[in-house]
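Read through the structure below, which is laid out as structure tokens, and then see the notes.
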Amino acid sequence: MKTLTYRDAVNAALHEEMELDPSVFVYGIDVGDHKRIFGTTNNLVEDFGPDRCFSTPLCEETLVGFGLGAAITGQRPVNVHMRVDFLLLAMNQLANMVTTWSYGSGGSLRVPFVIRAIIGRGWGQSYQHCKSLQSIFGHIPGLRVVMPATPADAKGMLKAAIRCDDPVLVIEHRWLYDAEGVVGDLDEIAPLEGASILRPGTDLTIAATSWMNVEAMHAAKILGKAGVGCEIVDVRAVAPLDDTTVAASVAKTGYCVVADTDWVPYGLGAELAARLHERCFDSLKAPVKRVGFAFTHCPCSRPLENLFYPNAGQIVRAAEELLKLPPVDLEGEDFYSYERKFRGPF
Amino acid sequence: MEQTLAVARQLYRRMYLIRTAEDAIVKRYHENDMKTPMHMSMGAEAIAAAVCLAIGPDSLCVSSYRSHGTYLARTLETDRFFAELYGKCGGTADGRAGSMHLSAPEQGYLGGSAIVASVIPVATGAAFSLKRLGRDAVVAVFFGDGAIDEGSFWESLNIACAWRLPVLFVCEDNGFAVHTPAGVRHGYASITDIVSRFRISAAETSTTDASLLHAATQELLADMRAAQRPGFIRMHYYRYLEHVGVNEDFAAGYRPRDEYEEWLAVDPVTTQRTRLLEAGVAEDWVAEMERGIDAQVAHSIELAVAAPFPDECILFRDVMTNENVDIS
Ligand SMILES: Cc1ncc(C[n+]2csc(CCOP(=O)(O)OP(=O)(O)O)c2C)c(N)n1
Ligand SMILES: [Mg+2]
């Protein structure tokens, strides 16, 4: 048991799995340069050589097709994309090829292929470096989509993803990289399916993805002062989605806010709301509330950026509406701002 | 001769403007008020100046995220430029776009993109449009040596050649995509060689002398017009600063400082200044122009700092034409 940052947890997972299995290799744009993908690919070139960790030309579609080819011929490739936005260039390979190959081969070819993609945010990265899009990826059959929110999951889920015989997309939020937590040992993996209860409560369920778990914890603290006990369910895996855990929580609380790091329309909140209707309609005391990005493009300007991204404040307001509570005063509340962690670009 | 002198002056005006505006960014970035990722043009001033001047005001251009040079060479204005960098009202998109997405459509600069190579097809479509409209103009598209790794570059090149579209492909080659050198990314020795096998007018330069770059671009444009086909020009330069940000990065170890010193000895801005003086332009005239630009930049920054931030309604404006309609 060790305490690591999320960044080092990702690095440790890669390191351990590369050590255990020589068929694992890591590739992608800039994975081998001195910045090492925010430090997540540190020491891989040094310890495993340039054949197992290498920077590539800029050619996302080909990189993903390449991974498929390697995966069906005995390798366990890990392809890294510095932003989810860049992965969109590979949507053809992902939706038409990677996710269909096992099906089309009647199951005789499996695709043990991991794609890591990072959600950017802040410092005016604006509308081409900010996307999350888990609902789009989760919409495609044959693709596992996970969003680790803690260092333990960052390590355990990535290790599980590398050992998995299905294609797995791991979506990491850049802001989580500095989070610290206890992580599992060499042979410990975290399941690729199943939500988890981050905080128990009885009055309201907050189902959150990725960074929104941090905001949800903050919101729970604020609401706690008003006597509301929030249960936070970290969704963890977008596909397959564990609605059982969320429904069990809602059966207890009767209320649900979905806090997602993505646009709301056609999003994870819509999917969860539909499933809660199917699974525990009678327990719901009010319609499910959804919190996510403002439905516009991410603007550059700092004050507009603040309006674009949801935070603990919006979760609190959504909860108050559901529970018909008077709004608490958020005036002196110290909401998270990235200036605390870093300055300057990226 | 008079004409050459006039061109030399215009080139220097543009280059001095780009350098001065970027010097100001370097000086003030640490104040943390320009919250936008800066991909600096420093070292590449001659390319933007030469190409933008050569294509003329009727032509169009699009660029990558490394676009300060293109924007300034094309527009010569700094009020909207700095307002955008400060995320303020009065910017090119009232703060929505930032450094990576500057635009000035009314001056033929259609915009830029932070997704590498993704403007190249856009330029190709715009060139198709110009051709249909019967305009005697081209679309210049600026991109780096990393963009030519992408399929969309080759697909656009092919279409432009097959359909004889007036695209001027400008590859601003600094030898790196972020920190990864071209040598490990390219399965060929010379991009210009390969491209020249297409039905295209192709050229390559390695000088920092803006007048020479301007002449090379003009020659290429003449050839394109005569042969009714697109053009490609690879222009080597040295990126002075880190990939993104305003600092030097020689300590990182991926490129040696001496290389920079060599290029600095032929710095495009000082080279052009020397050319002007050698050609007999009075030093007073040059100094006067420089003072004018210094004042312009300082004034634009003052305006930007004083300008208000955009208010909430800007957040949703222009996503679609039916603005402010809540479509969520
Ligand atoms: C499609 C895509 N892939 C990756 C990136 C990340 N990225 C941003 S700039 C860059 C390098 C581009 O190099 P080059 O085209 O030579 O332009 P330069 O920055 O050198 O001017 C990369 C890989 C991106 N923005 N878009
Ligand atoms: Mg380059």
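For region A:250-280, how many residues are hydroxyl-bearing (Ser, Thr, Tyr) and within 21 Å of the chain's Cα centre (by Cα)?
Qualifying residue count for the region: 2.
Taking region B:91-116, which residues are on the phi > 0 side of the Ramachandran plot and within 14 Å of the chain's Cα centre (by Cα)?
Result: B:108, B:111.
Kindly indicate the residue of region A:46-78 that is of a type in the set (Val, Ile, Thr) and open to solvent by less than 40 Å² (accessible area, probe 1.4 Å) and also farthest from ligand 2 (Cβ to nearest atom) among those meeting that condition.
Looking at residues that are of a type in the set (Val, Ile, Thr) and open to solvent by less than 40 Å² (accessible area, probe 1.4 Å), I get A:78.
Could you count how many residues in region B:115-129 are part of a helix (DSSP H, G or I), open to solvent by 10 Å² or more (accessible area, probe 1.4 Å), more than 21 Å from residue B:81 (Cα to Cα) and within 14 Å of chain A (Cβ to nearest Cβ)?
Of the residues in region B:115-129, 2 are part of a helix (DSSP H, G or I), open to solvent by 10 Å² or more (accessible area, probe 1.4 Å), more than 21 Å from residue B:81 (Cα to Cα) and within 14 Å of chain A (Cβ to nearest Cβ).
Give region A:70-108 a look and list any residue that's small (Gly, Ala, Ser), in a helix (DSSP H, G or I) and within 24 Å of residue A:240 (Cα to Cα), or say none.
Across region A:70-108, the qualifying residues are A:71, A:90, A:95, A:102, A:104.
Exactly one of (1) within 16 Å of ligand 2 (Cβ to nearest atom); (2) in contact (Cβ under 8 Å) with a residue 12 or more places away in the chain; (3) open to solvent by 30 Å² or more (accessible area, probe 1.4 Å); (4) out of contact with any strand residue (DSSP E or B) (no Cβ under 6 Å at 6 or more places or on another chain) is unmet by residue B:135. Its number?
Going through the list (1) within 16 Å of ligand 2 (Cβ to nearest atom); (2) in contact (Cβ under 8 Å) with a residue 12 or more places away in the chain; (3) open to solvent by 30 Å² or more (accessible area, probe 1.4 Å); (4) out of contact with any strand residue (DSSP E or B) (no Cβ under 6 Å at 6 or more places or on another chain), residue B:135 breaks only (1).
Can you tell which of A:247, A:237 is open to solvent by less than 20 Å² (accessible area, probe 1.4 Å) and free of Cβ contacts under 8 Å to residues at least 40 places away in the same chain?
A:247
Do the conditions hold for residue B:100, that is, is it over 20 Å from residue B:303 (Cβ atoms), touching a Cys at 6+ places or on another chain (Cβ under 9 Å), in contact (Cβ under 8 Å) with a residue 12 or more places away in the chain and open to solvent by less than 30 Å² (accessible area, probe 1.4 Å)?
Answer is yes for this residue.
Looking only at region B:76-88, how many residues end up being of a type outside the set (A, V, I, L, M, F, W, C), away from every other protein chain (no Cβ under 12 Å) and open to solvent by 10 Å² or more (accessible area, probe 1.4 Å)?
3
Residue A:120 versus (1) touching a Leu at 6+ places or on another chain (Cβ under 6 Å); (2) surrounded by fewer than 24 Cβ atoms within 10 Å (Cβ to Cβ); (3) under 19 Å from residue A:28 (Cα atoms): which is the lone unmet condition?
(1)
Would a scan of region A:171-179 turn up a residue that is within 14 Å of chain B (Cβ to nearest Cβ) and of a type outside the set (Val, Ile, Thr)?
The answer is yes, given that some residue of region A:171-179 is within 14 Å of chain B (Cβ to nearest Cβ) and of a type outside the set (Val, Ile, Thr).
Pick from region B:176-192 the residues that are aliphatic (A, V, I, L, M) and part of a loop (DSSP other than H, G, I, E, B): which of them is nearest to ligand 1 (Cβ to nearest atom)?
B:178
Show me the helices (runs of 4 or more DSSP H) entirely contained within region B:230-325 in which 3 or more residues are out of contact with any Phe, Trp or Tyr (no Cβ under 9 Å at 6 or more places or on another chain) and open to solvent by less than 70 Å² (accessible area, probe 1.4 Å).
By residue number, B:268-278, B:283-306.
Filtering region A:319-346 down to residues that are outside any loop (DSSP other than H, G, I, E, B) and at pLDDT below 90, which residue is most open to solvent (accessible area, probe 1.4 Å)?
A:340
Residues checked against (1) over 20 Å from residue B:239 (Cβ atoms); (2) crowded, with 24+ Cβ neighbours inside 10 Å:
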site: B:13; (1), (2): yes, no
site: B:73; (1), (2): no, yes
site: B:90; (1), (2): yes, no
site: B:104; (1), (2): yes, no
site: B:113; (1), (2): no, no
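Consider region B:130-167. How many of its residues are within 14 Å of chain A (Cβ to nearest Cβ) and within 11 Å of ligand 1 (Cβ to nearest atom)?
The qualifying residues number 11.
Could you please find all residues in region B:217-244 being closer than 18 Å to residue B:191 by Cβ and within 13 Å of ligand 2 (Cβ to nearest atom)?
Result: B:234, B:235, B:236, B:237, B:238, B:239.
Looking only at region A:196-211, which residues are part of a loop (DSSP other than H, G, I, E, B) and surrounded by fewer than 21 Cβ atoms within 10 Å (Cβ to Cβ)?
Of everything in region A:196-211, those that are part of a loop (DSSP other than H, G, I, E, B) and surrounded by fewer than 21 Cβ atoms within 10 Å (Cβ to Cβ) turn out to be A:200, A:201, A:202, A:203.
I need the full set of residues from region B:15-49 which are open to solvent by 30 Å² or more (accessible area, probe 1.4 Å), away from every other protein chain (no Cβ under 14 Å) and not charged (D, E, K, R), in order please.
The answer is B:16, and nothing else.
Of all residues in region B:36-69, which are free of Cβ contacts under 8 Å to residues at least 60 places away in the same chain and closer than 20 Å to residue B:93 by Cα?
Listed by number, the residues that qualify are B:65, B:68, B:69.
Pick out the one residue from A:121, A:110 that is within 28 Å of residue A:295 (Cα to Cα), in the same structural domain as residue A:14 (by TED's automatic domain parsing) and more than 16 Å from ligand 2 (Cβ to nearest atom).
Answer to the check: A:121.
All but one of (1) away from ligand 2 (no atom under 16 Å from the Cβ); (2) part of a helix (DSSP H, G or I); (3) aliphatic (A, V, I, L, M) hold for residue B:140; state the number of the condition that does not hold.
Unmet for residue B:140, out of (1) away from ligand 2 (no atom under 16 Å from the Cβ); (2) part of a helix (DSSP H, G or I); (3) aliphatic (A, V, I, L, M): (2).
Within region B:180-216, which residues are within 15 Å of ligand 2 (Cβ to nearest atom) and open to solvent by less than 20 Å² (accessible area, probe 1.4 Å)?
Correct list: B:180, B:185, B:191.
Given the residues A:243, A:282, A:262, which is the only one that is charged (D, E, K, R) and within 14 Å of chain B (Cβ to nearest Cβ)?
Residue meeting the stated conditions: A:262.
Of all residues being open to solvent by less than 20 Å² (accessible area, probe 1.4 Å) and outside any strand (DSSP E or B) in region B:148-173, which is nearest to ligand 2 (Cβ to nearest atom)? Just the residue, please.
Restricting to residues being open to solvent by less than 20 Å² (accessible area, probe 1.4 Å) and outside any strand (DSSP E or B), the top hit is B:148.
Every residue, every condition in (1) within 11 Å of another protein chain (Cβ to nearest Cβ); (2) in contact with a strand residue (DSSP E or B) (Cβ under 9 Å, 6 or more places away or on another chain), yes or no:
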{"site": "A:4", "(1), (2)": "no, yes"}
{"site": "A:23", "(1), (2)": "no, yes"}
{"site": "A:33", "(1), (2)": "yes, yes"}
{"site": "A:68", "(1), (2)": "no, yes"}
{"site": "A:99", "(1), (2)": "no, no"}
{"site": "A:105", "(1), (2)": "no, no"}
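The values are calculated or read from the model by the stated rules, or taken from the named source; none is laboratory data. The shown structure was predicted, so the numbers you read here are calculated from the model rather than taken from an experiment. Reconstructed Cβ throughout: ideal geometry from the backbone, glycine too, with neighbour counts over all protein chains shown. These accessible areas exclude ligands, DNA and RNA; they are computed on the full protein's heavy atoms, side chains included. Shrake-Rupley method; radii C 1.70, N 1.55, O 1.52, S 1.80 Å.
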